[in-house]
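Presented below is the structure to which this report refers.
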């Protein structure tokens, strides 16, 4: 056997009360030495079960019911190489335990929970080393220190004694990777290693894994549903669907000649940057509401009524919000507590009938902003104005009591997490009807009719009205969320990462639904997402946020064709596309420093000397830069400066990090 | 951290003052006082009342003064270590309580340790082997333990011990040792009697603790970091002890706030049934007869122990859990 790992006719079954269920039905593939194999599929396709079977970490109800998992183990006792059938070993036996973590290790999806919160990072990484390699505590510490340096921790020595909750998501994932690699395994299984991360950090982690693969000569089994990541990482691709392999082969073949209809469908469902204006995603299962739906009919009249595109519906001026980072003690004054700026002097307007995309990495303040608009948080400063269709102006922040209660019908919110945003003890009928009940529709039959119509609008059968949320899939639950948000017939819908928890095929379905509803009901959206391709697909204009600041705002074509702000550029560069001709430039990532405002180059930087304002570049394109600049900024980018801007920014970073005379970095 | 501790200690003072006012008010709520109750009782029995002595006591303890002065006098004495005078026992409160304290603590410590020693292994076993035969048996026994009234178990055990081992019924020692100075045979007699209350008081806590530990541990066992630990190749036992167990004991440390006061007053009902010479029954009697200084002292001690226990458990939680130690106070 030349390959590192070969899986032959693997079958995994789950013991369920109603009998055995086969989740993996005769899967065979190989992982060559030193290569990356991507295992692709929707959730529920059995890809994670395969990885668990290799590690012998299957859930208690699951067992391997057939097949072999042959692994070439280089770390056998006595240093010899031996081929082991992992499927035949005892799951928690000594032999399997020595392979697990020693020769094969695993990186998990969720960096927030995959480390123990009460043990230091150093302790948890050292532990893996101490079990598998015969080293003393002193040596182990040194090796771990080297590994932490290798995965790019800025201060490895300090990291040894920090706890996971003190690190950001990206750093935690680095720690998890360091833990997986510290024994220099021959196979690394990465289960959605970057799904929970921001694009800029995702790009860094992908680069890190590629570099380490080269350095350590290991193979990687990459489990993902993100075809962009696959195109950038994999040598070979295996596509799974319902526990079976649909297609497998070289990454070139797979992307250029997708043979199987499922793979074609999967590729068609991913939003791409090069889509034609008006081109629709093709979901695997499309939603078709009944054309005679009463809600669609009444709303269509309304949407025709005010189709004037230019009038604003929401105007936000100089919004600022700070959070206290630490509670003052009993004898301390409130004002002494250190504060952090969550939203810093943001102004923009939302036009009636448009979809405004709000993009930025986690912690940039986009959710805070949306909560302020919803009046769930109170800003320190600024104003929010809402305009009625007839042009009447209403001050959102000064409303209270009955006026605010009535106004809530105009603006609704759609949440990110389809699981925790629906009360598991309420039926779908109660969930969707609750806003109606709260706002005074006491008649049960009347509510029932509207709920039925709403369910039809989002493509759910009204027959399922009395079911509880747990009997629906993630995508269906998200549609319940949409129906609930639409119940009060709002004008403005704020969608906070509505598709980030969904599979690509379901994502396409929900995105198309949102697009159709916007047209049909004359809605206005504020669409918050960290996924640029998704925002590109659905939004008309895009606002980019970083560290609480709005850095750039432009019509989407303009933004993608001609990004001006260094942060926007870094963000655009970091998105992996499912296209082999358009791979990420992994050497140009600036180690995530693009999101540190103090390190932005000259007219954009935050230095306390210059006042930053939104500068109009024409055609509705605004960028945040120092006062006094004008449309010349556009040229700044179109000239030679721009081509080598990454290098320029790097230079800038180095200059600023050195102790320059008279210069202080805040 | 030091700031935090000082802050916490300073906030204890107003808390305890508030509690003392509430305690004093409640004791004063029923009409009359101890002396009046006693006079009435003696007259009803046709006995002569030594009015001079009564009058002397009333003056001495300020019962003729308005309540707020009585309160101030009581609390001022309390701070200086003078807990007042027990009318019923005709002794200073310190002496009355002191006698019983040792036995109370012995019973309480023994039963707490019994609870932990029994509950922890069983709880861990039934969580790790969830839905196994062993888990079901333990759960059923646990539920029976929860559902059986303590005093009934006490009576059954007392009877059995008397029939099988000839242990005398009631009390914590054979009658001939009561009031005698401590000797080895007295200690032996105490030990012979001790196990019944320990088992009775212990089992009630044990069943509850098994259920809680099982639930906590099951939560932790399904967490992602446990899978991570398994993926490292750790042996199941080491994983269990190092990761989930470490996190599952947090609630038990937090419990300290309620354990300390229960050490002090003990299980009242069981003590009554078994005639144990502990604090619990005495507190009840003191409340019945409006023996205000004795009752007040008991209640203040308990309140103090609650406050102290919560404080200690907070400190211990901070020591054990870095999330509390380092993340404290940050708000989103």
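The values are calculated or read from the model by the stated rules, or taken from the named source; none is laboratory data. Remember, it's a predicted structure, so these values are computed and weren't measured experimentally. Here Cβ is always computed from backbone atoms with ideal geometry, including for glycine, and neighbour counts include all displayed protein chains.
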- Checking residue B:71 against (1) modelled with pLDDT of 85 or more; (2) loosely packed, with under 12 Cβ neighbours inside 10 Å, the condition it does not meet: (2)
- In the stretch A:130-142, residue nearest to the other protein chains (Cβ to nearest Cβ) [restricted to those that are part of a helix (DSSP H, G or I) and surrounded by fewer than 22 Cβ atoms within 10 Å (Cβ to Cβ)]: A:131
- Query: Where residues in the stretch A:111-121 are facing chain B (nearest Cβ under 7 Å) and touching a residue at least 40 places away in the same chain (Cβ under 8 Å), which of them is nearest to the chain's Cα centre (by Cα)?
  - Reply: A:114
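State yes or no: is residue A:510 more than 17 Å from residue A:367 (Cα to Cα), under 18 Å from the mean Cα position of the chain (by Cα), at pLDDT 85 or above and outside any strand (DSSP E or B)?
Criteria met by residue A:510.
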- Item | Filter result for residue B:136 (surrounded by fewer than 18 Cβ atoms within 10 Å (Cβ to Cβ), at pLDDT 85 or above and on the phi > 0 side of the Ramachandran plot) | no
- Note on the structure: With criteria (1) free of Cβ contacts under 8 Å to residues at least 12 places away in the same chain; (2) surrounded by fewer than 12 Cβ atoms within 10 Å (Cβ to Cβ), residue B:30 comes up short on (1)
- Message: Of everything in the stretch B:217-235, what is part of a helix (DSSP H, G or I) and without any contact (Cβ under 8 Å) to a residue 12 or more places away in the chain? Give them in sequence order.
- Response: B:224, B:227, B:228, B:230, B:231
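Going by the structure shown, is residue B:57 more than 14 Å from every other protein chain (Cβ to nearest Cβ), in contact (Cβ under 8 Å) with a residue 12 or more places away in the chain and within 26 Å of the chain's Cα centre (by Cα)? I'd like the intermediate steps shown before the answer.
Numbers: more than 14 Å from every other protein chain (Cβ to nearest Cβ): yes; in contact (Cβ under 8 Å) with a residue 12 or more places away in the chain: yes; within 26 Å of the chain's Cα centre (by Cα): no.
For residue B:57, the condition - more than 14 Å from every other protein chain (Cβ to nearest Cβ), in contact (Cβ under 8 Å) with a residue 12 or more places away in the chain and within 26 Å of the chain's Cα centre (by Cα) - is not met.
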- Note on the structure: Okay, strands (runs of 3 or more DSSP E) sitting entirely in the stretch A:143-242 with 1 or more residues that are within 29 Å of residue A:118 (Cα to Cα) and in contact with a strand residue (DSSP E or B) (Cβ under 8 Å, 6 or more places away or on another chain), I get A:187-191, A:219-224
- Message: Return the residues of the stretch B:166-185 that are under 22 Å from residue B:273 (Cα atoms) and touching a helix residue (DSSP H, G or I) at 6+ places or on another chain (Cβ under 8 Å); say none if nothing qualifies.
- Response: B:167, B:168, B:169, B:170, B:171, B:172, B:173, B:174, B:177
- Which residue, of B:240, B:217, B:283, B:276, is more than 14 Å from chain A (Cβ to nearest Cβ), modelled with pLDDT of 90 or more and either crowded, with 21+ Cβ neighbours inside 10 Å or farther than 29 Å from residue B:317 by Cα (or both)? B:217
- Has the stretch B:88-111 got at least one residue that is over 30 Å from residue B:167 (Cα atoms) and in contact with a helix residue (DSSP H, G or I) (Cβ under 8 Å, 6 or more places away or on another chain)? yes
- Considering each of A:24, A:12, A:37 in turn, give the residue that is closer than 22 Å to residue A:474 by Cα and at pLDDT 90 or above. A:24
- Note on the structure: Of (1) more than 16 Å from the chain's Cα centre (by Cα); (2) over 20 Å from residue B:130 (Cβ atoms); (3) assigned to a helix (DSSP H, G or I); (4) more than 14 Å from every other protein chain (Cβ to nearest Cβ), residue B:211 fails just (2)
- List the number of the failed condition for residue A:125; all other conditions in (1) outside any helix (DSSP H, G or I); (2) more than 9 Å from chain B (Cβ to nearest Cβ); (3) under 28 Å from the mean Cα position of the chain (by Cα) hold. (1)
- Consider residue B:268 against the criteria (1) without any contact (Cβ under 8 Å) to a residue 24 or more places away in the chain; (2) more than 14 Å from every other protein chain (Cβ to nearest Cβ); (3) surrounded by 21 or more Cβ atoms within 10 Å (Cβ to Cβ): it satisfies all of them except one. Which criterion is unmet? (3)
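Considering each of B:224, B:176 in turn, give the residue that is under 30 Å from residue B:127 (Cβ atoms) and surrounded by fewer than 17 Cβ atoms within 10 Å (Cβ to Cβ).
Working: B:176 fails: under 30 Å from residue B:127 (Cβ atoms).
Answer to the check: B:224.
Residue by residue, here is whether (1) under 24 Å from residue A:217 (Cα atoms); (2) within 12 Å of chain B (Cβ to nearest Cβ) holds:
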| position | (1), (2) |
| --- | --- |
| A:164 | no, yes |
| A:174 | yes, no |
| A:185 | yes, yes |
| A:192 | yes, no |
| A:197 | no, no |
| A:203 | yes, no |
- Item | Qualifying positions in the stretch B:288-304 - over 20 Å from residue B:77 (Cβ atoms) and either in a helix (DSSP H, G or I) or at pLDDT 85 or above (or both) | B:288
- State all residues of the stretch A:341-358 that are in contact (Cβ under 8 Å) with a residue 40 or more places away in the chain, over 19 Å from residue A:168 (Cβ atoms) and outside any loop (DSSP other than H, G, I, E, B); if no residue qualifies, say none. A:343, A:344, A:345, A:346, A:347, A:348, A:350, A:351, A:355, A:356, A:357, A:358
- Task: Kindly indicate whether residue B:100 is touching a residue at least 40 places away in the same chain (Cβ under 8 Å), outside any loop (DSSP other than H, G, I, E, B), surrounded by 11 or more Cβ atoms within 10 Å (Cβ to Cβ) and within 14 Å of chain A (Cβ to nearest Cβ).
- Result: no
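Of the residues B:293, B:252, B:298, which is more than 11 Å from every other protein chain (Cβ to nearest Cβ) and free of Cβ contacts under 8 Å to residues at least 60 places away in the same chain?
Numbers: B:293 fails: free of Cβ contacts under 8 Å to residues at least 60 places away in the same chain; B:298 fails: free of Cβ contacts under 8 Å to residues at least 60 places away in the same chain.
The match here is B:252.
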- Task: Please identify the pairs in which a residue from the stretch A:391-406 that is touching a residue at least 12 places away in the same chain (Cβ under 8 Å) has its Cβ atom under 8 Å from the Cβ atom of a residue that is part of a helix (DSSP H, G or I), counting only partners at least 6 apart or on another chain.
- Result: A:394/A:407; A:396/A:373; A:396/A:407; A:399/A:407
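Residue-wise test of (1) within 22 Å of residue A:57 (Cα to Cα); (2) at pLDDT below 85.
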residue	(1), (2)
A:107	yes, no
A:119	no, no
A:138	no, no
A:145	no, no
A:153	no, yes
A:158	no, no
- Item | strands (runs of 3 or more DSSP E) lying entirely in the stretch A:32-110 (those with 3 or more residues that are away from chain B (no Cβ under 14 Å) and buried (at least 22 other Cβ atoms within 10 Å of the Cβ)) | A:36-40
